[in-house]
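To keep things clear, I will list the structure first and then write my remarks on it.
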Amino acid sequence: MKKQNNVEYSVEVLKAKEVKDGKIIFDMEVNDIKIYGCWYNEYKTKDGKDGTMLSFPSYKGSDDNYYNYVWFPISTDLKANIIAQIEKLV
């Protein structure tokens, strides 16, 4: 059985820029590691509800699927913190 460790993440959004259709590209530093080329997007679901999405930088594989270069788990509170930081910079 895999043991889960509770890891704290210190996240600072370094810069953010709206690029098109409300999509925002941003860079962040997570526990002293810089991650460039993340995406933030607000959208409407099929039933009309508001949604938000944070995406890590990724590449398209030969199988036409997308794979993240980097990833770390984002809790609901951390996601809200990152979004608040992005909105202050845009």
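Counting just the residues of the stretch 42-63 that are surrounded by 14 or more Cβ atoms within 10 Å (Cβ to Cβ) and not hydrophobic (A, V, I, L, M, F, W, C), which one comes out nearest to LYS79 (Cα to Cα)?
My answer is SER55.
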Requested in this report: Would you list the strands (runs of 3 or more DSSP E) that sit entirely within the stretch 1-89 and hold 3 or more residues that are charged (D, E, K, R)?
Outcome: 11-20, 23-30, 33-44
Report task. Only residues that are among the small types (Gly, Ala, Ser) and free of Cβ contacts under 8 Å to residues at least 24 places away in the same chain: list them for the stretch 1-25, please. Result -> SER10, GLY22
Report summary line: Of the listed residues (VAL13, VAL7, VAL19), the one being under 15 Å from VAL90 (Cβ atoms) and loosely packed, with under 14 Cβ neighbours inside 10 Å is VAL19
Query raised in the report: So which residues in the stretch 64-90 are closer than 17 Å to LYS17 by Cα and either exposed (fewer than 10 other Cβ atoms within 10 Å of the Cβ) or touching a Pro at 6+ places or on another chain (Cβ under 6 Å) (or both)?
Result: LYS88
Query raised in the report: Taking the stretch 24-41 as the region of interest, how many residues are loosely packed, with under 15 Cβ neighbours inside 10 Å and either among the charged types (D, E, K, R) or more than 11 Å from the chain's Cα centre (by Cα) (or both)?
Result: 5
Report task. Can you run down the residue pairs with Cβ atoms below 7 Å, 6 or more apart or on separate chains, where the first is in the stretch 26-51 and without any contact (Cβ under 8 Å) to a residue 12 or more places away in the chain and within 17 Å of ASN81 (Cα to Cα) and the partner is outside any strand (DSSP E or B) and not acidic (Asp, Glu)? Result -> GLY51/THR45
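Read-outs throughout are calculated quantities, based only on the coordinates presented, and are distinct from any laboratory measurement. None of the values given here were measured: they were computed from a predicted structure. Backbone-built Cβ (ideal geometry, glycine too); neighbour counts: all protein chains shown.
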